[in-house]
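Enquirer: Handing you a structure now.
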Amino acid sequence: MTTSASTGAAAATARSGAGLVLAVLAASQFLMTLDSSVMNVSMPTVAADLGTTITGIQTAITMYTLVMATLMITGGKLGTIMGRRRAMGIGLVIYAAGSFTTGIAQNLTQLLIGWSLLEGIGAALIMPAIVALVASNFPADKRSAAYGLVAAAGAAAVAVGPLIGGAVTTYASWRYVFFGEVVIVLLILAVLRKLNDVAPQPSRIDLFGSLLSVVGLGLFVFGVLRSSEWGWVIAKPGAPAPLNVSLTIWCMAGGLLVVYGFLRWESRLEAAAKDDPTALQPLLRPSMLANRQLTGGLGMFFSQFMIQAGAFFAVPLFLSVVLGLTAMQTGVRLVPLSIALLVTAIGVPKVWPKANPRRVVRLGLLLMIIGIGFLVAGMDPDADASVMTIPMILMGLGLGALASQLGAVTVSAVSESETAEVGGLQNTATNLGASMGTALIGSVLIATLSSAALTGVASSPEINDALKSQISTELVGGVPFVSDEQVATALSAAGVSQSEIDAITEINAQARLEALQVAFALVGFIAIGALFFSTKLPTVAPGSTVAAAGPDPTGPPKRD
């Protein structure tokens, strides 16, 4: 971004009020993340209200993620063409229409149209625009704090979603969450014109490239999201298995091939546009991916959301299933994480505005690793819920450290005219990371639980051979993650003796704990792996004098 552009952004923000601008962008990011976390704790109630099944609601969640992830790159380009503020406004209107439709939905079809489709399309326009509008409203030296607050708002929505969802579902109706979103959108739209924006760059949209990106990303993400039902490589019993290989692999491989074709097509358009400015502009310039700082930032975003999604998948299971907490109590135990995240995301740029981004990110990863270590060590079926406090604070501090740096790192790697496209790439990376994190941790959790439980049943002298055989046959596809009470109730209804019920319940409790420990250990290993990919991050804060006149970001980064 040029100095004059930075000055213009600062002046515009001063006129409109930095607080108002941040409130609008943070509230928008909060909305984009709130839905899924509320829906996850409200699934049984929503399913009963709409006359559908838990599987039906899970399908809606899957489709919402799928629509969002596949349209992010296209949404970013549309922001460049029509203007980021206008794209965000259109996205908000579509999102509000989807929220209202969801709020009045009477069946699964209406939920799919309102939530999965309309809200997904709206989010694909809004989220890249948020990234670009931070850049156009704040000078480079203020962006780390702004991006930190916006990212913290999204992460806080994940953490407090169960609390909000549990409270609203218990004392009113899940529908009020979506009606509330409509009200918030209307408030945002009322002040949206206060946000500064750069001039749009009208051009034709690359429809073929958009189709390729949607198909490629769609196939890949769909395969990942279905991995828990199909299996990753070896198909689960009853799952589709072309050539004796799980359909998950076929979808992921097919998606990657289409994405490769998409990049080749975009490279061709980019080369043609250099010679002829009137030629069709690419949806994405592949040459941007040669920028080490950009790819380093995107890689860390992918890692962060993989870690974050995996942790937020497993932590509620420990609190609700193992410790028996309600949705509201589970949400309360996640509040320390939200507070720590918010404090760090805002505080680091304010206290250390010229902090070395690479060091801050590495420190954040180390804090998360330590927090996960404390969590695994403190796991026990008889533990008090307070055992979560220190791990949640450490993980919140770690996530906040990453949030305080990564947004500014990715955007500062390109010119202001490319910030919307980078916003699309950034949100594609976060969606892919979250999908992979949830699917991978979920698969490992169930696989470990199944192995430990079935092995325990097979070796138990208290269980008769006929019951062992029946359990092995019925649970060959995987052991469900359920509470001791649910296990005892199901076995009692099946006429199993009390001694065998006690033995199986104890085996399930131990297997469940082992599965959670392995799942969290994997989250920790992902964080350790991310440390090795942090070398592409810059060592100088974006917006500093040195950074402005620093080396070519495509060159090798300075060793830290």
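Enquirer: Look at ALA140 and say whether it is more than 21 Å from the chain's Cα centre (by Cα) and more than 27 Å from VAL540 (Cβ to Cβ).
Expert: So ALA140 fails the test.
Enquirer: In this structure, is ASP197 of a type in the set (D, E, K, R), within 25 Å of VAL134 (Cβ to Cβ) and out of contact with any Leu (no Cβ under 6 Å at 6 or more places or on another chain)?
Expert: Numbers: of a type in the set (D, E, K, R): yes; within 25 Å of VAL134 (Cβ to Cβ): yes; out of contact with any Leu (no Cβ under 6 Å at 6 or more places or on another chain): yes.
Here the answer is yes, as ASP197 does meet what is asked.
Enquirer: Could you please find all residues in segment 42-51 being surrounded by fewer than 24 Cβ atoms within 10 Å (Cβ to Cβ) and assigned to a helix (DSSP H, G or I)? Talk me through it step by step, then tell me what you get.
Expert: Within segment 42-51, the first condition is being surrounded by fewer than 24 Cβ atoms within 10 Å (Cβ to Cβ), and the residues that meet it are 43-45, 47-51.
Residues satisfying the conditions are MET43, PRO44, THR45, ALA47, ALA48, ASP49, LEU50.
Enquirer: Looking only at segment 203-227, count how many residues are assigned to a helix (DSSP H, G or I) and surrounded by 18 or more Cβ atoms within 10 Å (Cβ to Cβ).
Expert: Narrowing segment 203-227 to residues assigned to a helix (DSSP H, G or I): 207-225, 227.
Filter once more, so that each one left must be surrounded by 18 or more Cβ atoms within 10 Å (Cβ to Cβ): 209-210, 212-214, 216-225, 227.
Going through segment 203-227 one residue at a time, the tally reaches 16.
Enquirer: Quick one: in segment 453-478, of everything that is assigned to a loop (DSSP other than H, G, I, E, B) and within 40 Å of the chain's Cα centre (by Cα), which residue is surrounded by the most Cβ atoms within 10 Å (Cβ to Cβ)? Reasoning before the result, please.
Expert: First, the residues of segment 453-478 that are assigned to a loop (DSSP other than H, G, I, E, B): 460-464, 475-478.
Those left that are additionally within 40 Å of the chain's Cα centre (by Cα): 475-478.
Details: LEU475: 14, VAL476: 13, GLY477: 14, GLY478: 18.
Applying the filter and picking the extreme gives GLY478.
Enquirer: On to the next question. Tell me which residues, restricted to segment 398-437, are surrounded by fewer than 24 Cβ atoms within 10 Å (Cβ to Cβ) and farther than 30 Å from MET82 by Cβ.
Expert: MET436
Enquirer: Moving on to the next point. Can you spot a residue in segment 513-521 that is assigned to a helix (DSSP H, G or I), modelled with pLDDT of 90 or more and either more than 31 Å from the chain's Cα centre (by Cα) or of a type in the set (S, T, N, Q) (or both)? Give the steps one after another, and end with the answer.
Expert: Pass one, segment 513-521, residues assigned to a helix (DSSP H, G or I): 513-521.
Narrowing further to those that are modelled with pLDDT of 90 or more: 513-521.
So of that shortlist, the ones also either more than 31 Å from the chain's Cα centre (by Cα) or of a type in the set (S, T, N, Q) (or both) come out as 517.
Looking for residues that are assigned to a helix (DSSP H, G or I), modelled with pLDDT of 90 or more and either more than 31 Å from the chain's Cα centre (by Cα) or of a type in the set (S, T, N, Q) (or both), one finds at least one in segment 513-521, hence yes.
Enquirer: One residue is enough: does segment 159-182 have a residue meeting the conditions of a type outside the set (Phe, Trp, Tyr) and at pLDDT 95 or above? Outline the logic, then answer.
Expert: Here is the first cut: in segment 159-182, the ones of a type outside the set (Phe, Trp, Tyr) are 159-170, 172-173, 175, 177, 180-182.
Adding the requirement that they be at pLDDT 95 or above leaves 182.
Checking segment 159-182: at least one residue is of a type outside the set (Phe, Trp, Tyr) and at pLDDT 95 or above.
Enquirer: When you scan segment 469-485, how many residues do you find that are under 20 Å from ALA519 (Cα atoms) and β-branched (Val, Ile, Thr)? It would help to see each step written out before you state the result.
Expert: We begin by selecting, within segment 469-485, every residue under 20 Å from ALA519 (Cα atoms); these are 477-484.
Within this subset, residues satisfying the condition of being β-branched (Val, Ile, Thr) are 479, 482.
Result for segment 469-485: 2.
Enquirer: Among what's in segment 479-499 and is under 21 Å from ASP465 (Cβ atoms) and among the β-branched types (Val, Ile, Thr), pick the residue that is surrounded by the most Cβ atoms within 10 Å (Cβ to Cβ).
Expert: Ranking the candidates gives VAL479 first.
Enquirer: Would you say GLU181 is touching a residue at least 40 places away in the same chain (Cβ under 8 Å), among the charged types (D, E, K, R) and in a helix (DSSP H, G or I)? Before the answer, list the steps.
Expert: On the way: touching a residue at least 40 places away in the same chain (Cβ under 8 Å): yes; among the charged types (D, E, K, R): yes; in a helix (DSSP H, G or I): yes.
Criteria met by GLU181.
Enquirer: Here is a follow-up. Restrict the check to segment 402-410 and report whether at least one residue is within 28 Å of VAL518 (Cα to Cα) and under 17 Å from the mean Cα position of the chain (by Cα). Quick ask: steps written out before the conclusion?
Expert: So in segment 402-410, the residues within 28 Å of VAL518 (Cα to Cα) come out as 402-403.
Then drop every residue that is not under 17 Å from the mean Cα position of the chain (by Cα), which leaves 402-403.
Yes, the conditions are met somewhere in segment 402-410.
Enquirer: Report yes if ALA314 is touching a residue at least 40 places away in the same chain (Cβ under 8 Å), in contact with a helix residue (DSSP H, G or I) (Cβ under 8 Å, 6 or more places away or on another chain) and within 27 Å of GLU421 (Cα to Cα), otherwise no.
Expert: Numbers: touching a residue at least 40 places away in the same chain (Cβ under 8 Å): yes; in contact with a helix residue (DSSP H, G or I) (Cβ under 8 Å, 6 or more places away or on another chain): yes; within 27 Å of GLU421 (Cα to Cα): no.
The answer is no for ALA314.
Enquirer: Let me ask you something else. Could we say that MET82 is surrounded by 21 or more Cβ atoms within 10 Å (Cβ to Cβ) and under 24 Å from ASP197 (Cβ atoms) here?
Expert: On the way: surrounded by 21 or more Cβ atoms within 10 Å (Cβ to Cβ): no; under 24 Å from ASP197 (Cβ atoms): yes.
The answer is no for MET82.
The values are calculated or read from the model by the stated rules, or taken from the named source; none is laboratory data. Just so it is clear, the structure is predicted and the values come from calculations on it, not from any experiment. Positions of Cβ are generated from backbone atoms using ideal geometry, with glycine treated the same way; all protein chains shown enter the neighbour counts.
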